[in-house]
Structures are given as C-alpha cells and as structure tokens.
Amino acid sequence: MRVGVLALQGDFAAHAAALTRCGADPLEIRRSAQLDRLDGLVLPGGESTTLLNLMGDEPWFEALRRMHARGGCLLGTCAGAILLAREVRGPSQRSLGLLDAVVERNAYGRQVDSFEATLDAPALGGPLHGVFIRAPRFRALGTRVEVLARHDGEPVLVREGRVSAGTFHPELAGDDRLHRWFLEQAEESGVGAWRAAAG
Ligand code: GLN
C-alpha cells in the first residue's frame, strides 16, 4: 500500500510524522502525477485559498478526481476538508466536490478563532482531542454522509465512502487513532488500485 500527504502548503510534515508513527512510509506529494500511484492521500490543514493558488500550476483537480474514481482513499483536515467539499461559503471558492457537504470557512468567529475540545467519536473508539484553528464548519451534509465525530452535537468529522474530512487538526493532538483508521480504510479500499489502473 502507498500513501501520501499533499505537501504544497500547510501542516503536511506533522501528518507525515503521524502516519510514520502508525507504521506507514508516506510520500510527500508535490506533483500531480505522483497521485497515480497512491492508495491514500491526506490533504492537510493550512490556507485553502493559498492551496488553490498553488494548485493552479498543474492539473491537480483532474488527478485527485482520477485517484478517487479508481478506488483511492482521501482524508482532508481543515483546509483539506474545505477543498474536498461540494460547496464552500464564506466566501465561496472552487472545490473538488468529492464530499457531499457544504462547508463554511472560518466559521467560529473571531473571539474563538482557535480552541481545543474533546470530541465525541464512538466510531473511533471513544473521545478524541480536537485542535481547531480558524476552523470551518459543516453547514449541510448529504444523505450518504456519515458522522464519525461531533463537538457539542455538531459534526466535525465525516465520511462518504472513501472520502473523509475533519474540521480540526488530528495531527496536533498527540493521538494517532484517526491516522491509523485512515490507513485501515486505504488498505481496505485501495490496495492494488493503482496497479490495476496501470494494467
Ligand atoms: N481558515 C483556513 C481556510 O479557510 C483553514 C484553517 C486551517 O486549515 N487550519 O482555508
């Protein structure tokens, strides 16, 4: 199995370290063509507008959609979740539409710009520590979207098939359960996908 972390901008090194602690050997992905050989990709937090600008240089959207269509697994956190959504508000911007969700950027307001909280995450085996940094909020979810974790009753980690997205930073929490879960997902859904695609 091969997994990678989108390494154009943001918190990619901390995600790579978490995946490494879970026993993976993640690749730092800087060129869109590298996606053709991956079973799983983490899209880190950072600044989604900057990320979009940097993605303008290469056919990233096509490559990410292709990776998803042939069975690849994607996990977006914070800015990465914004990128995966069907619709982005606050303000509106381009997104991949691989997750049937409406996401609002910087949605906790200035006073609570950043905070930490204990999340209710039975799907991951119990409470999870969440670090929220200028975090977005899910404003609407499609019927096929499952909620994996909540904060104050509100969804903060969701999944639709092979696409998962969290509004917080799991890589900063000192708890690798989400990364371990993601590797299991990638293993189940993606094994050999790129080999099959490569013929
Ligand atoms: N506020 C950022 C954005 O809108 C996301 C913040 C983050 O990734 N920590 O893209």
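The values are calculated or read from the model by the stated rules, or taken from the named source; none is laboratory data. Note that the structure is a prediction, hence the values are computed from the model and not measured. Here the Cβ positions follow ideal geometry from the backbone for every residue, glycine too, while neighbour counts run over all protein chains shown.
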Is there a residue being in contact with a strand residue (DSSP E or B) (Cβ under 9 Å, 6 or more places away or on another chain) and of a type in the set (Asp, Glu) anywhere in region 58-77? no
Looking only at region 163-189, which residues are farther than 23 Å from residue 105 by Cα and touching a Cys at 6+ places or on another chain (Cβ under 8 Å)? 176, 179, 180, 182, 183, 185, 186, 189
Within region 97-124, residues being within 11 Å of the ligand (Cβ to nearest atom) and not aliphatic (A, V, I, L, M) number 6
Does residue 114 satisfy the condition of being hydroxyl-bearing (Ser, Thr, Tyr), surrounded by 19 or more Cβ atoms within 10 Å (Cβ to Cβ) and either over 19 Å from residue 179 (Cα atoms) or modelled with pLDDT of 95 or more (or both)? no
Could you tell me which of the residues 52, 75, 64 is closer than 24 Å to residue 91 by Cβ and within 16 Å of the ligand (Cβ to nearest atom)? 52
Matching option when the condition is within 12 Å of the ligand (Cβ to nearest atom), over 26 Å from residue 173 (Cβ atoms) and modelled with pLDDT of 95 or more, among 89, 94, 31: 89
With respect to residue 17, is the statement that it is farther than 21 Å from residue 162 by Cα, assigned to a helix (DSSP H, G or I), within 16 Å of the ligand (Cβ to nearest atom) and small (Gly, Ala, Ser) true? no
Pair list, Cβ under 7 Å, 6 or more apart: region 161-190 residue surrounded by fewer than 22 Cβ atoms within 10 Å (Cβ to Cβ), other residue charged (D, E, K, R) and part of a helix (DSSP H, G or I): 176/21
Given the structure, is residue 43 within 16 Å of the ligand (Cβ to nearest atom), modelled with pLDDT of 95 or more and in contact with a strand residue (DSSP E or B) (Cβ under 9 Å, 6 or more places away or on another chain)? yes
Quick check on my filter: what residues within region 148-160 are crowded, with 18+ Cβ neighbours inside 10 Å and closer than 23 Å to residue 73 by Cβ? 148, 149, 155, 156, 157, 158, 159, 160
Under 7 Å by Cβ, and 6 or more places apart or on different chains, what pairs join a residue from region 53-73 that is in a loop (DSSP other than H, G, I, E, B) with one that is surrounded by fewer than 19 Cβ atoms within 10 Å (Cβ to Cβ) and of a type outside the set (Gly, Ala, Ser)? 58/31
Give region 159-191 a look and list any residue that's closer than 13 Å to residue 123 by Cβ and within 16 Å of the ligand (Cβ to nearest atom), or say none. 164, 166, 178
